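Reviewing the structure listed below.
We did not get these values from a lab; they are worked out from the coordinates using the rules stated. From a predicted model like this one, the values you see are computed outputs, not experimental measurements. We place every Cβ from the backbone using ideal geometry, glycine too, and count neighbours over all the protein chains shown.
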Amino acid sequence: MRRRLAAGLLTLPLVAGVTSAVYQQLAERRDSRRFPPPGELVDIGGRRLHIIRSGTGSPTVVVMPALSTPAAEWVRVQRALSRQTDATVVLVDRAGIGWSDPGPWPRSLSAMADELDALITALDLDDPVVLVGHSVGGLIARLFTARHPERVAHLVLSDSSHEDQNRRLREADPSVGDHELWAHAARWRLRALGWHRLRLALGGRPEIRQTARREVPPDLVDAHLALSLTGRHRRAVVQEFAGLLLGRKSMAAARDLGDLPITVITAGPHGREVWYPVWRDLQSEFLTMSHASRLIDTPHTGHHINHDDPTLHAQLIREAIDETRRRRTDRPGDKG
């Protein structure tokens, strides 16, 4: 009796794992039919990146979201911008995120900057763009700008990550550092996605749906939740964590951007009071990278300014658009 009971207990994890995997496969197939891409799939050379595009005017705004964050989390900003300007706005799902095809290893910052180059080329964006980078997206945007300064008219860094942040933040808070990112990557890799999906479908984990409502508009909540629980997304998250940890040396080439206009938008200390003074110093260092930079504080927001005040964020991007248009008009060759 005891042997049979022990054997039964030992098989429970195996049965649970198989059940989770089967449910996950069935759910992903169902969701691929339920939630087609809301934007465009752009071929960048054998792979497709998903973008959400609005507007038809120039310049084009290209938004690089935060670590493992889909383009959908910027739709509120995009919609607010469409009420303020006719400029084209392109929100980008990086490889494996949202509706984009997976990308190959290694997913380094350098590789992601190259993908941005391939995307802008595929979109035939001849005029320099207003490039917006949020958090880790800011690192990618800076690296792309350093490599292709002629393709960027204005750089907007939205509470951007800094390549030295883990080392320097750890001095203020020992719990922050590379070890934390490796732990996050491991937790994502070990997630039993099927069980998470099933609990959500049965009404469990209401806080997850509540968070999704804060991140995306109501019409995108169900798709946002479904895509965040795909194996493709899980792999992309782990890849981007690893890319950030192993690819920061490439940022040494992105510390002098000459006279490029840069807008640095810095969020408030909410939830990070212990190490916020160091974070604020890192944000100020971005001002030394260009002779034409300015810093704007948004103390009422958290790190995701695009969630907390999308209207204000849209206004600040619109100011970069307006500044780009003024400089274009002031060029001698463009007069008359």
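Among 221-232, 37-48, 105-116, 67-78, the peptide with the highest mean count of other Cβ atoms within 10 Å heads the list, and the full ranking is 67-78, 105-116, 221-232, 37-48.
Counted over region 40-330, the DSSP beta bridges are approximately 25% antiparallel. Hey, if you put +1 on the Cβ of every Lys and Arg and -1 on every Asp and Glu Cβ in region 40-330, which of 265, 225, 253 ends up farthest toward the positive end of that dipole? Value computed over the given set: 225. Shape of region 40-330 from its Cα gyration tensor (a ≥ b ≥ c, root eigenvalues): rounded if a/c is under 1.5, otherwise prolate when a/b > b/c, or oblate? Rounded.
Candidates 129, 84, 158 compared by Cα position along the dipole of region 40-330: farthest toward the positive end lies 158, with charges placed on Cβ. Put in line by how crowded their Cβ is, counting other Cβ atoms within 10 Å and starting with the fewest, 82, 100, 175 read 175, 82, 100. Arranged from fewest to most other beta-carbon atoms within 10 Å of their beta carbon, 208, 52, 140 become 208, 52, 140.
Ordered by the count of other Cβ atoms within 10 Å of each Cβ, fewest first, 214, 142 give 214, 142.
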